[in-house]
1. Within region 26-42, work out how many residues are exposed (fewer than 14 other Cβ atoms within 10 Å of the Cβ) and polar (S, T, N, Q).
2. Only one of these is at pLDDT below 95, out of contact with any Leu (no Cβ under 7 Å at 6 or more places or on another chain) and under 18 Å from Thr215 (Cβ atoms): Asn85, Asn118. Name it.
3. Anything in region 59-83 that is of a type outside the set (Val, Ile, Thr) and in contact (Cβ under 8 Å) with a residue 60 or more places away in the chain? List them, or say none.
4. Within region 174-184, count every residue that is closer than 15 Å to Lys151 by Cα and either assigned to a loop (DSSP other than H, G, I, E, B) or out of contact with any helix residue (DSSP H, G or I) (no Cβ under 7 Å at 6 or more places or on another chain) (or both).
5. For region 37-49, name all the residues that are free of Cβ contacts under 8 Å to residues at least 24 places away in the same chain and closer than 20 Å to Val80 by Cβ.
6. Would you please name the residue that is nearest to Asp72 (Cα to Cα), looking only at residues in region 1-23 that are surrounded by fewer than 18 Cβ atoms within 10 Å (Cβ to Cβ) and touching a Lys or Arg at 6+ places or on another chain (Cβ under 9 Å)?
7. Take the residues of region 186-202 that are part of a helix (DSSP H, G or I) and touching a Gly at 6+ places or on another chain (Cβ under 6 Å): which is modelled with the lowest pLDDT?
8. Any residue in region 52-72 that is buried (at least 19 other Cβ atoms within 10 Å of the Cβ), closer than 14 Å to Tyr150 by Cα, at pLDDT 95 or above and of a type in the set (A, V, I, L, M, F, W, C)?
Amino acid sequence: MKTVLITGVSRGIGRALADKFLAEEFKVIGTTTNGNEPYKHPNLAILELNLAEPDSIVRCTALISQSNEKIDILINNAGVLFDENETALVANKLRQTLEVNLIGTADFTERIIPLMNNNGHIVNISSAAGSLTDSEHPENSHFPYYYPAYKISKCALNMYTITLANRLKHEDKEIIVSSVHPGWIRTDMGGEEAPTLPSEAAENIYKLAVSNPETGKFWYNGEKYPW
């Protein structure tokens, strides 16, 4: 049985991803910020992880290491949006956002890499909001000037995908690294007006995660998305 590690499984895309992988007979290690189990399944283990707290990252990865569980797929799903209705950049909110969406995610990933099997796959849940190409055409965006801190964090996460993929290739480690835009999803973050259900996004992300795509690329519904 293969094992997938998914951050942020209490609701939304993370919950839908956990459900999908469990249905496909994976063992799922999921994380929540408080360690509470939002639901139970014989192949599901829940660990506490707060990406804004370095000590929490250390504790969570230590528990995974002590379990001797080898990870086949890591999905960095957990993320925050603190400036949804703002157009001006607020420095403190940028710091808080980067701490979770970039720094904590990268720290956690680096600690998990030694625990991964060969031919593993790291999937970073990014966003079209972090696309530099899309930002050149704000007229095509629903919210072209809003949530700057979130956009900056996802753009930076995409660069982490590229740099990590290149490094692992240089080190001859057979681990694929991908960024994925899940779409505009009907979640607490995406809002009720969003057209896509979390289960639909999970289906597309699952297909990417279990496939063998070119490493260091940005994906949306099985197609390459512009950086």
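1. Counting residues in region 26-42 that are exposed (fewer than 14 other Cβ atoms within 10 Å of the Cβ) and polar (S, T, N, Q) gives 2.
2. On the way: Asn85 fails: under 18 Å from Thr215 (Cβ atoms).
So the residue among Asn85, Asn118 that is at pLDDT below 95, out of contact with any Leu (no Cβ under 7 Å at 6 or more places or on another chain) and under 18 Å from Thr215 (Cβ atoms) is Asn118.
3. Here is the first cut: in region 59-83, the residues of a type outside the set (Val, Ile, Thr) are 59-60, 62-63, 65-70, 72, 74, 76-79, 81-83.
The answer is Glu69, Lys70, Asp72, Leu74, Asn76, Asn77, Ala78, Gly79, Leu81, Phe82, Asp83.
4. Residues of region 174-184 closer than 15 Å to Lys151 by Cα: 179-184.
Restricting the remaining residues to those that are either assigned to a loop (DSSP other than H, G, I, E, B) or out of contact with any helix residue (DSSP H, G or I) (no Cβ under 7 Å at 6 or more places or on another chain) (or both) gives 181-184.
Matching residues across region 174-184 total 4.
5. Within region 37-49, Leu47, Glu48 qualify.
6. The initial filter retains those residues of region 1-23 that are surrounded by fewer than 18 Cβ atoms within 10 Å (Cβ to Cβ), namely 1-2, 11, 23.
From what's left, touching a Lys or Arg at 6+ places or on another chain (Cβ under 9 Å): 1-2.
Numbers: Met1: 10, Lys2: 6 Å.
That would be Lys2.
7. Let us first name the residues in region 186-202 that are part of a helix (DSSP H, G or I), namely 198-202.
Pick out the ones that are also touching a Gly at 6+ places or on another chain (Cβ under 6 Å) and you get 198, 201.
Values: Pro198: 78, Ala201: 90.
Step by step, filter region 186-202, then rank; the result is Pro198.
8. no
The values are calculated or read from the model by the stated rules, or taken from the named source; none is laboratory data. Note that the structure is predicted; figures quoted are calculated from it, not measured. Using ideal geometry, Cβ is built from the backbone for each residue, glycine included, and neighbour counts are taken over all protein chains shown.
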